[in-house]
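Taken together, the values in this text are just the output of simple stated rules run on the coordinates, not laboratory data. Note that the structure is a prediction, hence the values are computed from the model and not measured. Don't worry about glycine lacking a Cβ; one is built from the backbone with ideal geometry, like all the others, and counts go over all protein chains shown.
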């Protein structure tokens with residue numbers, strides 16, 4: 001059910017397994033441990049995709065470079081019902097503040113509706129460097145509903 005959207009700002013579309021490498025540079029801006037494109041592709045295609053993980057990319061106008069990427073999955077839980085969860089949302093530093101992540105969020109909202117999802121969820125780190133990201137989420141109708149707790153084992 002994946003859709004493609006285009007505008008003067010470029011296309012947004014799902015990336016198939018053979019295209020995972022296109023997302024590497026944009027994803028590295030957020031997931032800095034994946035310096036190696038081969039390691040990134042192997043992990044996404046070999047580990048994450050079999051569990052339902054998908055990628056969508058925002059492209060430059062008239063280009064084939066992914067400038068922003070979202071990693072997401074559709075799932076079910078007792079807490080959230082049928083939902084879309086955004087694992088990763090990242091934009092190349094040189095392409096920030098140009099609307100690419102907003103176009104990805106719009107695409108994800110449409111994708112969630114197409115799959116009959118009741119909600120969309122994402123977690124975002126906190127700190128002064130995240131203010132622009134949080135402003136983007138609020139402008140797209142997201143709200144803070146809980147704290148996320150984690151610890152090492």
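A compact globular protein would have a Cα radius of gyration near 2.2 N^0.38 Å; the ratio found for the stretch 75-153 is 1.18.
With helices as the sole contributors, the chain gives -6500 deg cm²/dmol at 222 nm; each DSSP H run of n ≥ 4 counts as -39500 (n - 2.57), and the sum is divided by every residue. Taking the inverse of the mean reciprocal distance over all distinct Cα pairs, the Kirkwood hydrodynamic radius of the stretch 10-86 comes to 13.1 Å.
Among 138, 40, 72, the largest mean-square fluctuation in a Gaussian network model of the chain (Cα springs under 10 Å) belongs to 138.
Legend: ranking of residues 131, 120, 109 from fewest to most surrounding C-beta atoms inside 10 Å; resulting order 131, 109, 120. Extension gain, residue 118 to residue 64, is 16.2 nm, computed as 0.36 nm per intervening residue step minus the present C-alpha separation. The convex hull of the Cα atoms of the chain, projected and averaged over all directions, covers 9.8 nm².
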